[in-house]
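A.B. asks: Got a structure for you, questions after.
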Amino acid sequence: MSLTSRVVAGSLIIVAVLSILVVALADRRLETRLIADTVDDLAREARLTAMRWRAGEDADSLADAAGQLLGRRVTLIDSTGRVIGDSDFEPPALDELQNHASRPEVRQARANGTGWSRRRSPSAGDEELYVAVRAPLGVARVSMHTRAVADVLGGARRDVIVAALISLGVALFLTALFARGVSRPIIALRDVARRLADGDLAQRPQLSGVGEVGDLADALSRMAQQLEGRLDALAQEEALTTGLLESLDEGVLAVDSARQVVRANASAREQLGLRATLPFSVSLLPRDRALRDAIGAALEGARAGPHDGIIGGRTFAITARPLTGGGAVVALLDTTPIRRMETVRRDFIANVSHELRTPLTAIRGYAETLVGDVPEGSTAHRFSETIRNNARRMQHIVDDLLDLSRIESGGWVPAQAVVGLDTVARDAVTAFGDQLRTKDVELVVDVAAAPEVYADPTALRQVLVNLLGNALRHTASGAVTVRSQPVPDGVAVTVSDTGSGISPEHLPRIFERFYRVDPGRSRVEGGTGLGLAIVRHLVEAHGGRVWAESAPGEGTMVTAVFPAAG
């Protein structure tokens, strides 16, 4: 139903209800007022009759004369209630009339001077209005049929109803005009709002003026302007975002909470060989486990990666992050050239280290022979010792490089078994007997309850030897301690010292190959810069983790976690 129809219908109902109320109220008040006026008129007529009623006068003749003159029924009642004169009855019939002493109007007249009642007459048979007044000789009563009052009321009621109908018609006409005047601008604003909702942002209301409708038109116009501006800004931002994503060499995917790929830049399409039209299911992506696991973790609200995955013969670093409100974004960085370079580097280092091993062995052998053959304290002896020490150091570097290359290339797989940590730790300590005799350092093994780990015994010993050797090199005096304790994901082995410590800016890089906190000191003390890198690779090959905690002047604590036995 239109606004005009609703306004007209509502107004029609209101006017109709008001008209009915007015007719009902006017009818009731008019009837009351008409009865009151009629009673007053009849009372005056009854008094006139009572004034003419004298002793010795024929009461019935007086009643007949008064009734003819007034056009009413006139009744004269003596003090006993007997009717002695009535304009509607002749003398023979008067004696048959009932005694009127009990009539309501007669009782009221005797008590108050005037009384009236409305009832059906037992003698006449019609409803009449009776008014009685007290007279010296009794009671004079004047009555009339209520049909006359009803006729007057009926005419008045018809007049009121006609007036109400006329008012209703006029109100309906005026309401229709008013409703059309109100609804026309509202309909125009509705049409403008619909076109704005459909995307036609050039639409503007053509209305102006004061009042609520004008204010609404102004507000709608401002809203359209702001909406157009914001949509333009969003479009520009969308274009910028699209341009940035499409210009990235890194592949980017956006996945919603329903596991639908809703966005993919050109690099991602090329890297993953995607041909489907967006959006499409995650199931259409390449079936690489690292990619699927990263997407699944991000959709569950966890950060994933970077993890390496091989897709289409190429290696990618896959990273996934959850999005606010559900969904995930996945980034793919093609690391194939980097991995290829790392492979070339590892092969080069392995080959060079292998080729250097033979001449270094020969140089070290000849130097040790010379040290034994020349007198101590001579120049030749000092030169021979220098050659031997440097050859030994270079041989350590070559051995570490070969171990690191073998681990990184995947050529070494830990032969894990149940190993007693206490036994391996004490065996590793024996390798530093000569070094401890020349230093004021105590080496303590505090492995509680001889815990067992699931690890490669040789790799575990090498980890402890490297950590102990690194701690002894940086500790001039004090203690180096090996401890163990159970943790939720295995057994933690900690090597702590009381040495010089490491500054916070160096801690994140100490497990990198050839990284030295103090290169000059490490070179003097015989460090190769590869020990902690080997430790990290060996621990991670067991599925464990390693980290360091230190502060300058407070020593260093390195912790490695291995799987627990059983």
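Since every read-out is calculated from the coordinates, none of them should be taken as a lab result. Computed from a predicted model, the values in this text were never measured in an experiment. Cβ coordinates were reconstructed from backbone atoms using ideal geometry, including for glycine residues, and neighbour counts include every protein chain displayed.
A.B. asks: Ranked by Cβ crowding within 10 angstrom, fewest neighbours first, how are Ser167, Ser117, Ser267 ordered?
C.D. replies: Ser167, Ser117, Ser267
A.B. asks: Whole-Å semi-axes of region 59-123's equivalent ellipsoid, largest first, each the root of 5 times a Cα gyration tensor eigenvalue?
C.D. replies: In descending order, the three semi-axes are 19, 14, 12 Å.
A.B. asks: A further question on this structure: For region 249-334, what class follows from the C-alpha gyration tensor (a ≥ b ≥ c being the square roots of its eigenvalues): rounded when a/c is under 1.5, otherwise prolate if a/b is larger than b/c, else oblate?
C.D. replies: oblate
A.B. asks: What's log10 of I(q)/I(0) for region 414-562 at q = 0.11, 0.12, 0.18, 0.19 Å⁻¹, Debye sum over Cα points only, no solvent?
C.D. replies: -0.38, -0.45, -1.07, -1.19
A.B. asks: Of the GluC sites (Glu not before Pro) in region 90-151, which ones lie in a loop per DSSP and count no more than 16 other C-beta atoms within 10 Å?
C.D. replies: Those that pass, being in a loop and sparsely packed, are Glu96.
A.B. asks: Work out the FRET efficiency for Ala415 and Glu238 from their Cβ-Cβ distance, taking R0 = 51 Å, and round it to the nearest 0.05.
C.D. replies: 0.35
A.B. asks: Where the centroid of each part is defined by its Cα atoms, how far is region 539-562 from region 68-95 in Å?
C.D. replies: When both Cα centres are located, 136 Å separates them.
A.B. asks: Please give the peptides 475-484, 371-380, 534-543 ranked by average Cβ packing (other Cβ atoms within 10 Å per residue), highest first, as a rough proxy for protection.
C.D. replies: 534-543, 475-484, 371-380
A.B. asks: Using mean Cβ contacts within 10 Å as the protection proxy, how do 38-47, 429-438 order, highest first?
C.D. replies: The most tightly packed comes first, giving 38-47, 429-438.
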